[in-house]
1. Given L509, L455, which one is closer than 28 Å to S407 by Cα, buried (at least 17 other Cβ atoms within 10 Å of the Cβ) and touching a residue at least 40 places away in the same chain (Cβ under 8 Å)?
2. Suppose we filter D301, D242 for residues that are surrounded by fewer than 19 Cβ atoms within 10 Å (Cβ to Cβ) and farther than 18 Å from A382 by Cα; which single one remains?
3. Of everything in the stretch 65-92 that's touching a Pro at 6+ places or on another chain (Cβ under 9 Å) and in a helix (DSSP H, G or I), which residue is surrounded by the fewest Cβ atoms within 10 Å (Cβ to Cβ)?
4. Any idea which residue in the stretch 272-316 is nearest to A391 (Cα to Cα), counting only those that are over 32 Å from the mean Cα position of the chain (by Cα) and of a type in the set (D, E, K, R)?
5. Inside the stretch 8-64, counting only strands (runs of 3 or more DSSP E) that do not spill past its ends, which hold 2 or more residues that are more than 23 Å from T213 (Cβ to Cβ) and modelled with pLDDT of 90 or more?
6. Counting just the residues of the stretch 468-497 that are part of a loop (DSSP other than H, G, I, E, B) and at pLDDT 90 or above, which one comes out nearest to Y447 (Cα to Cα)?
7. Could you please find all residues in the stretch 251-303 being within 23 Å of T226 (Cβ to Cβ) and touching a Leu at 6+ places or on another chain (Cβ under 7 Å)?
Amino acid sequence: MILRELLAEPDLHLRLLCGEDEQLDRAVRWVFATELAHPRRYLTGGELVISGLIWRKKPADSEAFVAALAEAGVVALAAGTAHLGRVPEDLVRACERHGLVLVEVPMEVSFGALSEHVLTSLSTVRSAQLAASLGRHRQLLAAVAEGRQLAELAQDVSKATGVTCRVLTPIGTHVVEGPEPLPGPDLDRVTAAFLSADRFPAVAAGPEVTAYTVFPVGSALGQRLTSWFIVAEGTWADWDPDVTDALGELAAIAALERARQSDALRFDRQRAGELFALIEAGGGGQPEAATRLRQAGLEPDLPLLVVDAGFAGRPELVEAACHLLTDLATHLGSPAVVASRPPWATVILPGTDLATDQIRQVMDRLLPGLPPSRLVLGTARAENPGVLAGAFESARHAAAMAELDRSSHLSVVSSDEVISYARLLAAVPDEVRRMFASRVLGRLLEYDEAHHAGLLETLRTFLAQSGSWTRTAAELILHVNTVRYRIARVEELTGRDLSRLEDRVDLLLALHSL
């Protein structure tokens, strides 16, 4: 029911104390009575909140209470006068500050009568909506049976509701792109909202940006990293219930389409597994392997990229990793062959234009939904199918090295990086690295802490500038003689000679072990 209709009900004698005229056209979705001072956790938006104000012990309490209601997106606060004899001015001022409609419930009107009136009205409206919803659902199912595509159905729902909707994956792949794909910043916002939401529908909003509402496709309790979700322009609390129902029905149809695609991908992975077995047996250079790669859309005469992915310590999630790699290939617009090689999922992609940094940038969108899990990826390049077996092994080593990196919930390592000193240190136990750093740099660190001499910064810059006195001085904005003096003190305190390569390596490794 509309709030304006409730205020016009003569038997309730409600009085508007605060609120703009356009706010009175908002729909009341539910009624919620509370005397809690902090009711935010029990509100989902769209409610008429009824309160006798028993929670108000002092004027400052009004601000916290109203702020919680406004944050939750309730339609209005109906305040009773039986407890205090009136609606206090501090509550009125708080509602004005937060843009919340405030209605006075006179002493002679019981909260039970007000609640019953709202619920009866909602029940009547809901019955009509349910009949309309069933009709729409039958139409959607009939359209699916006729073979209409999900994009067509989404377009029909957008036209019927006036709300533009899209279907996305958590890394930003547009399953249904709507009139046009979402720009990058909006993709970041909606994927983060979907992955981190405590409840649905969830709203991705902010100052001076378009607001979007996200709905899960399928169960919200499932693996969100591999789910689809609906993105609709606008805030769901401002819509008629029919709009929310229609989008929920579209989500149900999208779930059917996703299940159909998942079945097809499982069949493809079985065939890919046969190809991977052939490659691992040393048959990557055989004509059969080249033929299968071409059937998958890959060009065996050009470089290929192998990517291994998995969740650290969670081999049971290898199927989810397969879904992510398939989604990655779709997002990049690349043909791919994906299969499970427990504990890793593996994909072969075209290697001509793809780089590890590009893959890392795409997968970064998953970060809000990863904790406490850690997603690790290893990449390796193969110049031709004959060396794919070696690339498989290199990608596996790179993924294992990425698993050792606990600094982030997402780690992507290429086989080229495995030979770097930083990756070597990542494989060394933390206590061993700390002990090494302490023995090499201990006296230097103590001296710097006591005298604020800047020796550690000078050493780090000196090594980064390959031992150049002039570049180090320019970087630190110091005189060259000052740099020479500081490096001499570093050598004295560490017992190392920075003109010797071996000693420079020791100091470099110690710095990276801190």
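The values are calculated or read from the model by the stated rules, or taken from the named source; none is laboratory data. Treat the numbers as computed from the prediction; the structure is a model and nothing was measured. Neighbour counts are summed over all protein chains in view; Cβ atoms, including those assigned to glycine, are modelled from backbone coordinates with ideal geometry.
1. Being closer than 28 Å to S407 by Cα, buried (at least 17 other Cβ atoms within 10 Å of the Cβ) and touching a residue at least 40 places away in the same chain (Cβ under 8 Å) holds for just one of L509, L455, which is L509.
2. Values: D301 fails: farther than 18 Å from A382 by Cα.
Step by step, each of D301, D242 is checked, and only D242 is surrounded by fewer than 19 Cβ atoms within 10 Å (Cβ to Cβ) and farther than 18 Å from A382 by Cα.
3. My answer is E89.
4. Only one residue fits best here, namely E280.
5. Ranges flagged: 15-18, 47-51.
6. G495
7. I253, A254, E257
Matching residues to (1) buried (at least 20 other Cβ atoms within 10 Å of the Cβ); (2) basic (K, R); (3) modelled with pLDDT of 85 or more:
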{"site": "R136", "(1), (2), (3)": "no, yes, no"}
{"site": "V144", "(1), (2), (3)": "no, no, no"}
{"site": "A160", "(1), (2), (3)": "no, no, no"}
{"site": "E177", "(1), (2), (3)": "no, no, yes"}
{"site": "G184", "(1), (2), (3)": "no, no, yes"}
{"site": "A193", "(1), (2), (3)": "yes, no, yes"}
{"site": "L221", "(1), (2), (3)": "no, no, no"}
